Amino acid sequence: MSILGYDPKIYFTGRGALEAPSVGVKLTENDIVFRCNLITEKDGKVIDYSSGHITTEESKELMLFVNKKLGNEDIKFFPGISYRHILTIDKNRFSEELVCNAPHDFIGEKVTELLTKPRNEKAKETANMINKIILDSKDILEQHPINIKRKQEGKNMGNMVWPWSPGTIPKMKTFKELYNINGAVISAVDLIFGIGHYAGLDPIHVKGATGLYDTNYEGKADATIKALEKYDFVFVHVEAIDEASHAADLKLKIKTIEDFDKRLIGNVLKKVDLTNTVIAVTPDHATPIEVKTHTRDPVPFLIYKPNVNPDSVKEFNEYSTENGNFGIVKTIEFIKIVLENPINQ
């Protein structure tokens with residue numbers, strides 16, 4: 001076990017365009033794509049980045065309504081899962097040179113202070129357009145029957161759209177091209193499926209996978225075991241721990257970590273052939289309860305390989321793993337270590 005460090009040049013390549021394939025949006029070289037949250041605004045402030053983890057059924061109707069009211073040939077909204085959606089704009093008319101703020105980083109902050117800013121003169125028209133969409137969306141969404149009902153029920157309304165993380169179609173080699181292996185991805189998050197799409201990983205959707213504390217851990221474990229019969233590599237992603245961190249819910253975070261350990265990893269270990277399987281476990285980033293958002297802190301990782309002697313680390317946390325055999329590893333090197341031949345037989 002050791003520490004996985006982040007190279008900022010690599011860490012920030014996760015771009016909005018990556019979500020699109022899972023949602024079913026056909027992108028072209030002329031598309032600029034944004035991640036687009038459905039958020040809760042109140043008294044001029046960002047109150048909730050997820051609209052109370054609004055249901056997919058509710059948010060789909062709201063986003064289609066937004067597209068009808070604010071979309072056109074050059075500006076299009078596409079519904080995704082829960083609060084996570086997509087906005088595409090025409091690159092021939094608009095610019096991606098924007099400074100956008102992720103809504104989960106600024107809970108309680110004023111909307112007017114978080115609006116999109118242009119990086120250069122060419123991007124001013126685009127920034128103004130995005131900001132007009134943000135501000136106009138409130139009047140449109142707040143009067144929708146779904147939000148009226150949510151308000152009556154004491155739930156956070158999805159009363160504002162928030163585009164962020166602009167990007168274009170990425171150019172990247174697939175796992176097959178890089179490592180000559182085939183693979184699959186299991187998740188409940190469109191962004192992860194999108195990354196998998198461009199990496200050449202086949203998507204596996206598990207019934208009951210929600211991206212929250214109530215996700216189907218056992219279903220993901222079973223899907224992993226089954227996928228290993230067909231694929232060389234399976235990437236399994238769990239979002240629940242991150243969501244609990246954003247909510248600053250310590251009790252829930254502990255529960256999601258325990259569920260991940262017992263109900264997902266535990267079930268995989270019971271059923272997988274440990275004499276012929278490499279297993280790696282790591283967070284993709286830190287999300288401390290104290291700050292309620294992502295940080296660049298190095299994260300712990302564990303790699304198990306058959307017939308490889310373990311190091312002396314007995315606990316999996318940010319501190320004990322500093323004594324692991326690998327030391328601090330840059331992200332781009334991590335997967336190479338996982339896939340390479342055993343290093344200390």
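Miscellaneous remarks
- Among the lysines of segment 224-328, pairs at least eight places apart or on separate chains and with Cα atoms under 25 Å apart come to 29.
- Taking the Cα centre of the chain as reference, the dipole from Cβ charges on Lys and Arg (+1) and Asp and Glu (-1) amounts to some 420 debye.
- Evaluating kT/(6 pi eta Rh) at 4 °C and 1.567 mPa s, with the Kirkwood radius of segment 272-345 over Cα pairs in the Stokes-Einstein relation, gives 95 µm² s⁻¹.
- Shape summary of segment 132-265, radius of gyration then Dmax from alpha carbon positions: 18.7, 55 Å.
- Rounded FRET efficiency, nearest 0.05, which uses the C-beta distance separating Ser312 from Glu121 and R0 of 56 Å: 0.45
- Listed by chain and number, the lysines whose alpha-carbon sits under 23 Å from that of Lys149, ignoring those within fewer than 8 places in the same chain, are Lys42, Lys45, Lys60, Lys68, Lys69, Lys138.
- Protein accessible area in segment 91-172, 1.4 Å probe - carbon and sulfur %: 48 percent
- If a spin label sat at a point 7 angstrom from the Cα of Lys262 along the line to its beta carbon, the backbone N atoms of segment 209-223 nearer than 16 Å would be those of 213-219.
- Full extension of the segment from Ile181 to Glu290, taken as 0.36 nm per residue of separation minus the current Cα-Cα distance, would add 35.3 nm.
- Dividing the Cα radius of gyration of segment 202-345 by its Kirkwood radius returns 0.95 for Rg/Rh.
- Sites Leu269 and Lys171, calculated FRET efficiency, Cβ-Cβ separation with R0 45 Å, nearest 0.05: 0.75
- Within segment 136-265: Cβ-based charge dipole about Cα centre, in debye rounded to nearest 20 (Lys, Arg +1; Asp, Glu -1): 80 debye
- Label zone at Glu142, where the point sits 7 Å out along the Cα-to-Cβ direction: segment 33-64 residues whose backbone N lies under 16 Å: 39-48
- Here is how the number arises for the chain: DSSP H runs of 4 or more residues each give -39500 (n - 2.57), the sum is divided by the residue count, and the result at 222 nm is -9000 deg cm²/dmol.
- Segment 32-166 - Rg (one decimal) and Dmax (whole number), Cα, Å: 13.9, 45
- ³J(HN,Hα), Karplus 6.51/-1.76/1.60, whole Hz, each residue of segment 256-270, x for Gly, Pro: 5, 5, 5, 5, 4, 5, 7, 8, 9, 4, x, 5, 5, 5, 5
- Charge context of Tyr217, other residues only, Cβ under 9 angstrom, K/R +1, D/E -1: +1
- Computed FRET value (nearest 0.05) for Lys68 with Asn92, which takes r as the C-beta separation and R₀ as 22 Å: 0.40
- Cα gyration tensor shape of the chain, rounded if a/c is under 1.5, else prolate or oblate by comparing a/b with b/c: prolate
The values are calculated or read from the model by the stated rules, or taken from the named source; none is laboratory data. This is a predicted model, so every value here is computed, not measured. Every residue, glycine among them, receives a Cβ derived from its backbone with ideal geometry; neighbour counts consider all protein chains shown. Please note that ligands, DNA and RNA were not included when accessible areas were found on the heavy atoms of the full protein model with its side chains. Shrake-Rupley method; radii C 1.70, N 1.55, O 1.52, S 1.80 Å.
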